[in-house]
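Asks: Mind having a look at this structure? Questions to follow.
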Amino acid sequence: MNERCRRTTAIAVVLLFAATAVVSAMGFPEGQNFEFDRITELEIEAGIFAVEIQGHSGSTTEIEVRAIPRGFVVDARERRGSVEVVVKGRPPVFGGVTGKPRILVSLPVATGVTVDTSTGDIYIEKINSDIAASATTGDIDVRDVAGAIDLGVTTGGIDVSQCRGELTAKATTGDIGVDDFQGVMDLDTTTGDIDVRSFRVTGNAGFSATTGDVDVAFQNAPGDITIDATSTTGDIDVEGSRLSRGTAAARFVVRGRTTTGDQSYR
């Protein structure tokens, strides 16, 4: 083999090795499945993975992990009726994350749920137990849940519908929307609006927004609710014969606080 051929072959080998390294770093989407029986608590630390959870009437918990990027590991362990799912890893140097990493869970409706993500969205539906969900950058959507509901996002929106119980939700930069809720709630945003479209109050409630508006529609009987609202530079509007303004005697007190946002109660 002459010198020119040897050089050409060497270059080809180097290029092939580099291409193989890039493909290996990028990885190909992989899946993983777990199954548990009769658990009472589920905790997920999902990182960049999105999480979808749905309750059912059976006793088996099925966890399906889709599109696991290269460099990530998903571990699920059970201890005394409680399952912990943890995602570990970091995006590869070349190519970033391919696909849409997500964790899909089907579990008994009475299971308590705790979920935390960094950049993944969270969806929870049909749970008759307490839940807690937090996301650094992502949206949270909760539907048909009965229990204590604790939600928090740094940058993202929160939507809650067809739920009952005790709702606590906080968004630093994002809106909070609630529809068809029965119970008590405490909602807080720094930069974002609060929109509660149908709320049957069963205890005292509170709404707070720094630079956003508050709009609440109640489903209670006349005389049930007293509105205690203050704002630094925003307007306050209380409509309807079922509501009173100030500290008049009523079954429930709803407190509203804004800095530059308007408040509307009806």
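The values are calculated or read from the model by the stated rules, or taken from the named source; none is laboratory data. Please read these numbers as outputs of a predicted model, since none were measured by experiment. Methodologically, a virtual Cβ is constructed for each residue, glycine included, from the backbone with ideal geometry; neighbour enumeration extends over all protein chains shown.
Asks: Which residue out of Asp213, Asp150 is within 25 Å of the chain's Cα centre (by Cα) and either within 30 Å of Gly47 (Cβ to Cβ) or among the small types (Gly, Ala, Ser) (or both)?
Replies: Only one candidate passes the filter, namely Asp150.
Asks: Could you list, in sequence order, all residues of segment 53-78 that are in a strand (DSSP E or B) and surrounded by fewer than 19 Cβ atoms within 10 Å (Cβ to Cβ)?
Replies: Hits for segment 53-78 are Gln54, His56, Thr60, Glu62, Glu64, Arg66, Ala67, Val73, Asp75, Arg77, Glu78.
Asks: Next up: Out of Gly81, Gly112, Gly120, Gly58, I need the residue that is within 30 Å of Thr191 (Cβ to Cβ), touching a strand residue (DSSP E or B) at 6+ places or on another chain (Cβ under 8 Å) and not assigned by TED's automatic domain parsing to the domain that holds Met185. Which one? I'd like the intermediate steps shown before the answer.
Replies: Values: Gly81 fails: within 30 Å of Thr191 (Cβ to Cβ); Gly112 fails: within 30 Å of Thr191 (Cβ to Cβ); Gly58 fails: within 30 Å of Thr191 (Cβ to Cβ).
When all the criteria are applied, what remains is Gly120.
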